Each structure stands twice: as structure tokens, then as C-alpha cells.
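Laboratory data are not the source of any read-out in this text; all were calculated from the coordinates shown. Because the structure is a prediction, the values reported are computed rather than measured. Quick reminder, even Gly has a Cβ in these numbers, built from the backbone with ideal geometry, and neighbours come from all protein chains shown.
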Amino acid sequence: MDANYHTHTSRCGHATGGDEQYVRAAIDAGFKILGFSDHVPYEGIHAPYDRMDYDQIDNYLASINNLKEKYQDKIKILSGFEVEFYPQYIDYYKYLLTRCDYLVLGQHNVTYLKDDLDCYASDDDVEKFAEALVQAMESGLFSYIAHPDYFMMGRRHWNETCIAAAHKISKKAAELKYPLELNLNGIRHGHKPYKAGLAYVYPYRPFWEIVAQYDTICVYGYDAHHPTTLLEDDRIITINKIIHGIPLNIVENYRF
Ligand SMILES: [Zn+2]
Ligand SMILES: [Zn+2]
């Protein structure tokens, strides 16, 4: 893979490293494209361990734009945000797109900044999650769907609701040609005891068995919260073991 579109910065409060260190690590790793997609801020929301403050947008984009220029001979740098889809914020997302290169959809909850699905995801939450992804794809505002199987972090059972959600997401992604991300950072949580046996939270194999039934595009994403993550290509080997034998259409050198 020569492009990573899912990279954070220390501004979110749970990532470390300087912006330039991410760039240098990416060059070291042989990437041709590095996309920064830090967690989007919302006006009036101060969540120092989740996301930057709204008034840090200028500093964030200025820093990325500066690196874009400084390293233009070595690597193509893109600026972006990782955004949850809340319909009431569509105008805000459109505004952000006037200032950055792209938006990643990273749906971490289904209620505005509440009840993170990594803590708990009921059947109802899973249905809402799938609906949010479909609406986001239909909005045309996003370039990339991060961890579409994220909800498996907040539950321990894969059931009919999950199957239906996977079909709904895959069908729409295939129809609108949205790349679905095989997230390379979920494995950091280790194995969890699912009803069907121990497994990483995501990528969750049964989800990707359904993705493969549609004409979908899959991409790897480091979801880097530390510069050295970009150097850990053994993560791909681990993920490939999880999805071994599933006929996924993985595009290693994906371009928007
Ligand atoms: Zn994060
Ligand atoms: Zn992320």
C-alpha cells in the first residue's frame, strides 16, 4: 500500500507525535500519499480527549498545508477530517470541504456525541449505525468509510441484525463506489470473547464475508494515532489472516 488516508494528530488528545513526525514516518514507510483526517471539532464542544477544539481548525489546517508545501517533492499530503454523520451538521461538513481536501466517515456513535458504540452497541444501535452510513454515503460528502464494522466493538454477539446491517452498508458502498476500510488499528484492542469465539473487534470476519458478496472496493487504513504506526506493516499481515480466503477486492494503492 502506498497511501494512507486515515491519520490523526496530537490535537485530538488521544494521539501523540508532531505533525511533521507523521510525515517523516510516512516517507520512511514509502508512502506516496499521506492524508490527515483528525477527529472533527464542533463549535462549543470541548472534549480534550476526543477531538480538537473548534478554534484549533485554523492551526491544524495551516500546519498540514505548510507540510504539504515543505514535502511536496517527497510525498503528497492531503488535509481532512474524520467525521460522524449527523444530518443537522451537513452545512458544517460542506463548509469544512471548502477548507480541506476530503472527509472520512468515522461513525463512532449514532446520537450526537453520545453513547459511543465502542462501549455498547445494541441491535437498535446497529440498525441506526447502518442507516447513518447509508445516509452519509448518499450525501456525497465523504471520500472513504472508516471501520464500517465498528459496532462489533460494543457487542459480543454477531446476529441477524448485524448481518442485515452488513448487507445494507455493503450494498450502498458497492452502488456508490465507496471504499470500505479494513482498519489496521482495531487489533490494538486484542482478542475479545465473542459468542462465536475469540476474535479481534474489527475487522470482524463475518462482516467482510458479506462485503465480499457485493462489488465493493476495500482499502487498508492505519488509523494512525502515533507516527510509528505508519511503519508497522505487519498489521496488514495480521488483518490478512483475519480475512484469509474471503474474496475481497482490496485496492492497495487507492486514489480518490
Ligand atoms: Zn482517534
Ligand atoms: Zn480515526
Report task. Kindly indicate which of 65, 59 is touching a strand residue (DSSP E or B) at 6+ places or on another chain (Cβ under 8 Å), on the phi < 0 side of the Ramachandran plot and part of a helix (DSSP H, G or I). Result -> 65
Requested in this report: Output the number of residues of the range 104-120 satisfying the condition of being crowded, with 23+ Cβ neighbours inside 10 Å and part of a loop (DSSP other than H, G, I, E, B).
Outcome: 3
Report task. Could you please give the count of residues in the range 198-256 that are closer than 23 Å to residue 102 by Cα, away from ligand 1 (no atom under 16 Å from the Cβ) and β-branched (Val, Ile, Thr)? Result -> 5
Query - Criterion (assigned to a helix (DSSP H, G or I) and within 18 Å of residue 222 (Cα to Cα)) met by exactly one of 153, 137 - result: 153
Requested in this report: Run down 212, 173, 166, 199 and say which single residue is out of contact with any Ser or Thr (no Cβ under 8 Å at 6 or more places or on another chain), of a type outside the set (Ser, Thr, Tyr) and under 20 Å from residue 125 (Cα atoms).
Outcome: 166
Report task. Restrict the check to the range 147-165 and report whether at least one residue is buried (at least 23 other Cβ atoms within 10 Å of the Cβ) and polar (S, T, N, Q). Result -> no
Query raised in the report: Say we look at the range 76-103 and pick out the residues that are in a strand (DSSP E or B) and within 16 Å of ligand 1 (Cβ to nearest atom); which of these is farthest from the chain's Cα centre (by Cα)?
Result: 80
Query raised in the report: Taking the stated definitions as given, is residue 53 touching a helix residue (DSSP H, G or I) at 6+ places or on another chain (Cβ under 9 Å), more than 17 Å from residue 139 (Cβ to Cβ), within 16 Å of ligand 1 (Cβ to nearest atom) and not basic (Lys, Arg)?
Result: yes
Requested in this report: Can you tell me which residue within the range 12-36, out of those that are in contact with a Phe, Trp or Tyr (Cβ under 6 Å, 6 or more places away or on another chain) and closer than 21 Å to residue 107 by Cβ, is surrounded by the most Cβ atoms within 10 Å (Cβ to Cβ)?
Outcome: 35
Query - strands (runs of 3 or more DSSP E) fully within the range 175-256 counting 1 or more residues that are within 16 Å of ligand 2 (Cβ to nearest atom), buried (at least 21 other Cβ atoms within 10 Å of the Cβ) and touching a residue at least 60 places away in the same chain (Cβ under 8 Å) - result: 179-183, 217-221
Report summary line: How many residues of the range 1-41 are within 16 Å of ligand 2 (Cβ to nearest atom) and assigned to a loop (DSSP other than H, G, I, E, B)? The answer is 11
